[in-house]
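Trainee: Here it is: the structure, laid out below.
What follows draws every value from the coordinates through simple rules; no lab data is involved. Treat the numbers as computed from the prediction; the structure is a model and nothing was measured. Cβ placement follows ideal geometry from the backbone for every residue including glycine, while neighbour counts extend to all protein chains displayed.
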Amino acid sequence: MREAKSQNSAGTGKGGLKGGLKAKLGATNEPRWFQWILIAVAVAYLFLLLFVPLITVFAGALEQGLAAYFHSFADPDTLFSIKFTLIIAAVSVPLNLTFGLAAAWAIAKFEFPGKQILTTLIDLPFAVSPVVSGLVFVLMFGKQGWFGPWLADHDIKIIFAAPGIILATIFITFPMVARELIPLMEEQGKEEEEAARTLGASGWQTFWHVTLPNIKWGVLYGVILTNARAMGEFGAVSVVSGHIRGLTTTLPLQVEILYNEYNYVQAFSAASLLCFLGLLTLVVKAVVQRQVRKSRQPEKQTPVASAASAALAASAGPAAR
Amino acid sequence: MNQSTVPAAPIRGGAAPAEAAAGKRRRYPSVIPGFGLTLGYTVMYLSLVVLIPLSATFLKASHLHWSELVAIFTDRQVLLAFRLSFLASAEGALINGVFGLLAAWVLVRYEFPGRGLLDSMVDLPFALPTAVAGISLCAVYSSTGWIGSRLETIGIHVAYTPLGITLALTFIGLPFVVRTVQPVLEDLDKEVEEAATSLGANRWQIFSKVILPALRPSLFTGISLAFARSLGEYGSVIFISGNMPMKTEIVPLIIVSKLEQYDYAGATAIACAMLILSFALLLAINLLQRWSSHRAKTR
């Protein structure tokens, strides 16, 4: 598809040698000058909307030079918020990864009634406003919430403390890994796993040596995506955090505090870290897409052989007995 | 890839030949293990993290008396916030409907330097934390900002006006339209266009009568996704909106300010209204997607 397309446009570009070809291809393409107008408008739109804000962050961070930029991170509150954000992500990402793997395994490898409903329910958190996502936990565990009095009696703090922030973060990033893996695993089918099992691999071996190598890029992307969102979430975290400086401020909340105090250099410096995280996510996505495309092409030629060899490799131990 | 060190577990693989021997009837359980465990875990985790907290919110709202609900939803400040949220989200989604379609078209159909970079940058609003987007949009479009100061000289104020909110929501919604239209456009069969050309149609006729109808379901889906996301958006809006009561307050902000005033009843009621709204939108989008995949099959 992609090749055909590039040939096509190459043909319109320098198809002078073959007049007939040019005429034929030109018929389904706009004149070159019109193409350039459309390209210019689209590029201008994307530039204004995407690149300008990004450049602004770095320009704002470096406004007073590199020294001021690095000095921003010496602020103890900013340092704390970086550490706190890392802890929140370190707890919530593995939990959602485990869930995503389990959900994708159940949904992609088995048929059961209510599968469609389950898939829709998993996507539910994406439809909920971040603010409402925070609010639901305030209504559960806050002072006036369902478990509020009981928690107060036992001196357990969830809202305006780390557990509440972790809960809100898990809720917000809940569907991400599952959403990446379900279509990927459905596409791969279950023949390879069935073959591995038939050849004597245990369930765990099948997962570890057959399924996981097939989905590793999807897992990586899902984790990076979850991590970026977990570290960057603002609305939900803002509602449950209470903005207690040096105690419950994540990096995005610290950015807000600094910005509202007109401390622009420090605010943009802290924001630049989150920008790097976002850009890293985009790079990983591009790499993963390339890998998936690459791994898909040879597989298409010999699906049976690759499945069999994977199964053989996986069950080499027990089958050789 | 040699795991001879792994002790061979007792193998229940015997089920597979038995299944084959039993013929076409597929009553036997799958040879792949772990169904009970993974489904059980999925349902439990889903209930604990998502379903129970969401139901608890509705339960809390159900304690409210009708008169309280009426009072909350007829409050002028709340009504104006709903109106603003709807209008700004719709404007942002429609702007993306036009320019997102154009961007998808250019990225799929034309070759130009920097196309790959531009293509991967489309996902930036997904990847960039909303608070970061919020402060940088505000900095660019404020009266001292790079673009804002220039627009100010021709009398256009962006920051701290409804226009600024529309702008932030346009930023947030951009990837939804591009990413739903793009794959459909890539799969579009060029032969149909060639056939239309050979039958004497010009480029505009082909676009409006052949290409656009094929793209319509995905375009609607993208616009509704952008709209749904925009309604609940908070982080990227609150900086550029300025949050002036009755003028630039969006619905999520109303929820936050009610919470800050310990008005839990009001916050819960509005949150439930937003939940119902987003679930209805989710349902509509699912139907739209079914329509578009149905169209793709029949084509």
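Trainee: Name the residue, out of B:179, B:115, B:203, whose mean-square fluctuation peaks in a Gaussian network model built on chain B with Cα pairs under 10 Å.
Mentor: The residue that fluctuates most here is B:203.
Trainee: Let me ask something else. Tell me which of B:196, A:266, B:243 sits at the most positive position along the dipole axis of the protein assembly as shown, charges placed on C-beta atoms (Lys, Arg +1; Asp, Glu -1).
Mentor: The Cα lying farthest towards the positive end belongs to B:196.
Trainee: How do A:209, B:157 rank when sorted from fewest to most other Cβ atoms within 10 Å of their own Cβ? Can you show the working numbers first?
Mentor: Numbers: A:209 21, B:157 14.
Going from sparsest to densest Cβ surroundings: B:157, A:209.
Trainee: Ok, one more. What FRET efficiency would be calculated for the residue pair residue B:48, residue A:86, taking the C-beta separation as r and a Förster radius of 25 Å, to the nearest 0.05?
Mentor: Working: r = 25 Å, r/R0 = 0.98.
The calculated FRET efficiency here is 0.55.
Trainee: Over chain B, with a Gaussian network built from C-alpha contacts below 10 Å, which listed residue (B:130, B:197, B:42) shows the highest mean-square fluctuation?
Mentor: Of B:130, B:197, B:42, the Gaussian network model singles out B:42 as fluctuating most.
Trainee: With runs of 4+ DSSP H residues as the only contributors, calculate the mean residue ellipticity of the protein assembly as shown at 222 nm using -39,500 (n - 2.57) per run, divided by the residue total and rounded to the nearest 500.
Mentor: Working: 35 runs with 461 residues, N = 620.
Rounded to the nearest 500, it is -23500 deg cm²/dmol.
Trainee: If we count other beta carbons within 10 Å of each Cβ, what is the order of A:185, B:246, A:231, fewest first? Could the numbers behind the result be given before it?
Mentor: Values: A:185 21, B:246 11, A:231 24.
Ordered by Cβ neighbours within 10 Å, fewest first: B:246, A:185, A:231.
Trainee: Using all alpha carbons of segment B:27-146, what is the percent of pairwise distances in each 10 Å bin, ordered from the shortest bin to the longest?
Mentor: The distribution over segment B:27-146 is 9, 16, 23, 23, 20, 7, 1, 0, given as percents.
Trainee: Among residues other than residue B:92 whose Cβ falls under 11 Å from its Cβ, what is the net charge (Lys/Arg +1, Asp/Glu -1)?
Mentor: Values: positive: B:229; negative: B:91, B:233.
Net local charge, residue B:92 excluded: -1.
Trainee: I've got another one for you. Find which of B:253, B:126, B:184 sits farthest along the positive direction of the dipole of chain B, computed with +1 on the beta-carbon of Lys and Arg, -1 on that of Asp and Glu, about the Cα centre.
Mentor: Of the options given, the answer is B:184.
Trainee: Do you know the relative contact order of segment B:64-298, to the nearest whole percent, from alpha carbon pairs under 8 angstrom that are 6+ apart?
Mentor: 31
Trainee: Can you tell me which aspartates and glutamates have their Cα less than 12 Å from the Cα of residue A:216? Leave out same-chain residues fewer than eight positions away.
Mentor: Of all the aspartates and glutamates, those that pass the test against residue A:216 - Cα under 12 Å, at least 8 places apart if same chain - are A:180.
Trainee: Under 11 Å from the Cβ of residue B:129, count the other residues' Cβ atoms, weight Lys and Arg +1, Asp and Glu -1, and hand me the total. Each step should come with its number before you reach the end.
Mentor: On the way: positive: A:229; negative: A:233, A:256.
It works out to a net charge of -1.
Trainee: About the Cα centre of chain B, what is the dipole size in debye to 20, counting +1 per Lys and Arg Cβ and -1 per Asp and Glu Cβ, all else neutral?
Mentor: Working: 23 positive and 18 negative charges, 209 e Å.
For this selection, approximately 1000 debye.
Trainee: A further question on this structure: Would you kindly derive the ³J(HN,Hα) couplings of segment B:97-106 from the backbone phi angles with the Karplus curve 6.51 cos²θ - 1.76 cosθ + 1.60 (θ = phi - 60°), listing them in order in whole Hz, with x for Gly and Pro?
Mentor: Values, residue by residue: x, 7, 6, x, 4, 4, 4, 4, 4, 5 Hz.
Trainee: Let me ask something else about it. Kindly provide log₁₀ I(q)/I(0) values, in the same order as q = 0.11, 0.14 Å⁻¹, from the Debye equation applied to equal alpha-carbon scatterers of segment A:85-189.
Mentor: Once normalised to I(0) and log-transformed, intensities are -0.43, -0.65.
Trainee: Would you mind ranking B:262, A:221, B:45 by Cβ crowding within 10 Å, fewest neighbours first? Please list the in-between numbers first.
Mentor: Values: B:262 12, A:221 23, B:45 19.
Fewest-to-most ranking of B:262, A:221, B:45: B:262, B:45, A:221.
Trainee: Over the Cα atoms of the protein assembly as shown, what is the Rg over Rh ratio if Rh follows Kirkwood? Intermediate values should be presented prior to the final figure.
Mentor: Numbers: Rg = 26.6 Å, Rh = 26.7 Å.
Answer for the protein assembly as shown: 1.00.
Trainee: Working from the alpha-carbon coordinates of chain B, get Rg over Rh, Rh being the Kirkwood radius. Could the numbers behind the result be given before it?
Mentor: Values: Rg = 25.8 Å, Rh = 23.5 Å.
The Rg/Rh ratio comes out at 1.10.
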